[in-house]
Amino acid sequence: MAEAKPTKNQHFVPQMLLRRFAVPNTRQRAVATLDLEANKTIPIVSIAGQCARPFFYGEDGIVERSLGHLEGAAGLIIESILRSESMPAVGTREWSDLITFVVVQHGRTPSAVNVSNQRLFAMIEEARKFARNAGDSDTISEIARSVARSHPPAAHLRMTAALAPVLWDLDDLLLINETRFGFATSDLGVFTHNQWAAGVTGMGTDGLACSGQILLLPLSPRHLLMKFDPDVYHVSGSSNGTIRIRDEAQIKALNFIQLVLAERNLYFDGDPRTREGLEKLSQNSKRFPLSSMVRAERLIDQSGTREFVRTWSERPKMLLALDWLRVKPRFAKVPLPARASKFRPEAMAAYRAIRGESAPPDSSLHGSVLRRVRKR
C-alpha cells in the first residue's frame, strides 16, 4: 500500500487542544481569536487554519506522523483528566506520555524555534565582531550559513523531545476554574513562568531545569494543567492534586501571562464575559513575545586569554497573585541575584544522562523521583 502524502498544513499547536476551546454550536471547528498585533477580536475563525504553517516540520512527513501519534495518546489522556478531574498517577505510562507531550509542545512552535535560532545567531554575531577585528569575518559568515541550514524546526524538535526526563521531578496540579471567566489558550500551547526568580535580570531563569520553574498547559476553558517545582513552592488547599479557583482575578492573572508571552494570538470559546476581560487585559498591558527577549553578551575569562558568548532570554517581571501558591521560607531567603544560578538536582541529573555523561535516565533517576513523591 502506498504511503499517504504528508499534510501540507502542519499545526504547531494541535487541533485537538484548540477544539477544547471551540465556540459552541460550531461542531468544534471554530474558535474565537484575540489578535494581539491587530488588537481586535475575531468571533469565529476556523481551527484548521490556526497555529499552522505549510510543511513546518518538513515535506517527508516523518516528524508530522510522529507528532500525530503523540497527540493521539495525549488526547486520550487529556480526555480522561477532564472527565475525572484528576491527574495520572506518577510513574504510569499516562504520566510519562503527558510529560513528553508537554515538553514537545513547549519546543515545537515557531516562537520556540525562533528563540533557539536567535541564540545561535547572537553567538555567531558576537563571534563575527571578534573575527572582523582579527580579519577573518568570511570564515564566521560561512559558519553562520551552515548553522542556518542545520537547525530547521524538525531538528530543533528532535532535540527538544529528548528532554522529557528533565520534567520528571515536577509536581502536577490541575486547576479547576469555577468562575464565569474562562481560561484562554495561545499560539504557544504551553507557557512557562518562574515566580521565584521574577525580577532577575542579566541571566536566564526560564530553562526547563531551573529552580522555581512552572509550566502551564490550558486544557479547556475550565481546566489548566500546572507542573511546578515542589522544592521551591508550597501549594495550600489542594485536594487530590486539584485546586478549585473561585476568584476571577486569578483566572485573569493566568491569562495575562499568556497574553504577554504569546507570539500573536489568544484563543477562547467566544464567551462574552471572557472576551471583555481579555480585551481589557490587552489594552492595559505591554507584550513581550518570547522571540523578542533573547540577549547576548561576550565575556573574557579571568586570564584574559579566552572569550566566550553567553545568551539568555530575559523575562519581564511578572508575579502571579495566587493565594494558594507560596515560596517556601528556605528559598525566600535566597538573594534575588543568586536565584538565576540555581537548578533542580534531579533535572540536572537528567540533563547529564541525556548528554551521555551518566547512566540513562530511565532507571535510577526515575526511581529517585518515585521515592521522593512517596515521601510527600
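Quick notes
- Extension gain, LYS333 to GLU59, is 93.5 nm, computed as 0.36 nm per intervening residue step minus the present C-alpha separation.
- Between ARG326 and ARG29, the modelled labels are 5.1 nm apart [label points 7 Å from Cα along Cα→Cβ].
- Derived scalar couplings between HN and Hα for the stretch 223-229 equal 9, 9, 8, 10, 10, 9, 7 Hz in order, rounded to whole Hz, by the Karplus curve 6.51 cos²θ - 1.76 cosθ + 1.60 (θ = phi - 60°), x for Gly and Pro.
- Under-5 Å amide H pairs with ARG264, H placed in peptide plane, nonlocal only: ASP187
- Potential lengthening of the chain between ALA89 and ALA38 amounts to 14.1 nm, from the contour at 0.36 nm per residue minus the alpha-carbon distance.
- Other-chain or far-sequence residues with amide H under 5 Å of LYS342's (modelled H): SER211
- Averaged over residues, the count of other Cβ atoms within 10 Å places the peptides 230-238, 344-352, 164-172 in the sequence 164-172, 344-352, 230-238, highest first.
- Phi-derived couplings, Karplus 6.51 cos²θ - 1.76 cosθ + 1.60 at θ = phi - 60°, listed residue by residue for the stretch 317-324: 6, 9, 10, 7, 7, 10, 5, 9 Hz, with x used for Gly and Pro.
- 3J(HN,Hα) from dihedral phi, the stretch 50-57, Karplus parametrisation 6.51/-1.76/1.60, rounded to Hz, x for glycine, proline: 9, 6, 8, 9, x, 6, 4, 9
Each reported figure results from applying straightforward, stated rules to the coordinates on display, with no laboratory input. Owing to the predicted nature of the structure, the values given are computational and were not obtained by experimental measurement. All Cβ positions, even for glycine, are placed from backbone atoms using ideal geometry, and neighbour counts span all protein chains on display.
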